[in-house]
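Working notes, structure below.
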């Protein structure tokens with residue numbers, strides 16, 4: 001039986017960024033301790049219930065670093081014991097302003113990958129994004145994690161943020177490359193309902209859709225020049241440093257998510273905890289229906305640059321990829337949005353910009 005991935009949600013932040021709609025909030029030390037203890041109990045519960053091994057462990061948020069190094073290590077120990085974690089990819093999301101994180105302690109315990117929430121290397125843009133760090137603090141944080149032995153680290157970048165220019169975006173990419181990031185996640189800003197940005201979007205200095213597209217394509221080109229190979233719509237890596245955990249999602253493989261708002265896919269079913277501490281503390285889990293269907297597999301595969309590989313589809317579902325889907329995909333070839341050959345269907349970079357519409361048409 002194939003090993004699963006484990007996602008642990010840490011729903012706390014020092015402050016809420018105006019663009020963020022993830023479930024998180026501020027809390028005190030007592031709440032951190034209560035949550036850590038409950039998370040460890042839930043990890044043990046699922047470890048016994050599933051009886052599965054895991055080869056990826058991901059601490060996401062929120063801001064996992066607010067718990068502190070010791071609590072993160074306690075949670076790691078619980079997960080290691082519950083899911084027999086050995087040679088695994090173990091990632092923690094950390095914000096650059098967090099100076100009291102002991103990277104040495106994390107590395108010695110078994111963490112081997114850090115995802116740093118940079119977002120931009122331009123101090124003015126960082127202020128507009130509500131971030132608590134500046135570019136100098138980010139550079140210092142990268143230095144400290146390297147000194148602790150973390151060779152594998154990822155940096156997040158946001159594209160088309162308020163007042164961002166093509167030139168400032170290129171400088172942020174240059175910053176990432178110059179500091180030796182092995183992986184870069186570059187996302188176009190999306191204004192989500194319920195966020196602070198949503199209520200003030202008419203007052204934000206945002207790029208129009210054409211400019212956003214230009215910035216995305218420029219970013220892809222710049223990153224490739226630095227040796228970052230695009231492997232998913234928003235993710236780029238030096239060869240061999242792709243996120244093994246996130247690839248589980250895009251390959252439609254199994255994973256367990258533990259924490260408020262965390263989603264899971266196990267044994268053909270999808271389920272999740274609601275966006276509340278009450279649901280989590282009472283272990284109230286909501287069924288989200290069937291998972292791993294052909295349509296879902298197609299949708300997720302087309303997020304990857306390798307696309308939908310016919311042989312992989314045949315091995316998974318025991319049948320040929322439907323000709324009707326190939327015919328539907330063919331409608332976008334002449335426009336340069338998709339490539340179809342004897343091996344696969346895959347979106348181009350231009351196709352990624354309108355991926356939702358194309359995938360809907362295909363399936």
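Computed over segment 1-131, relative contact order equals 28 percent, with contacts defined as Cα pairs under 8 Å that lie 6+ residues apart. With each label modelled as a point 7 angstrom along the Cα→C-beta vector, the residue 217-residue 360 pair spans 2.3 nm. Listed values [x] 28; [y] 31; [z] 34 include one computed from this model; for percent of Cα pairs over 34 Å apart that value carries the label [x].
Given points 7 Å out from each Cα along the Cα-Cβ axis, report the residue 278 to residue 200 separation in nanometres with one decimal. With each label placed 7 Å out from Cα toward Cβ, I get 3.1 nm. Centre-to-centre, using Cα atoms only, segment 2-27 and segment 331-355 are separated by 33 Å.
Shape annotation for segment 306-362: C-alpha extents along the principal axes are 31, 20, 19 Å, from largest to smallest. Modelled label positions at residue 253 and residue 333, each set 7 Å beyond Cα in the direction of Cβ, lie 3.2 nm from each other.
Note on segment 1-123: Cα-Cα pairs beyond 27 Å make up 17% of the total pair count. Measuring nothing but how far apart in sequence close Cα pairs (under 8 Å, 6+ apart) lie, relative to its length, segment 316-363 scores a relative contact order of 33 percent.
Among 97, 167, 192, the residue with the largest mean-square fluctuation in a Gaussian network model of the chain, with springs joining Cα atoms closer than 10 Å, is 167.
Working ranking of peptides 256-263, 209-216, 122-129 by packing, defined as the average number of other Cβ atoms within 10 Å per residue, highest first, is 256-263, 122-129, 209-216. The value of relative contact order for the chain, using C-alpha pairs under 8 Å at least six residues apart, is 14 percent.
Computed from the coordinates by the stated procedures, all read-outs in this text should not be read as laboratory data. Because the structure is predicted, anything quoted here is derived from the model rather than measured. Methodologically, a virtual Cβ is constructed for each residue, glycine included, from the backbone with ideal geometry; neighbour enumeration extends over all protein chains shown.
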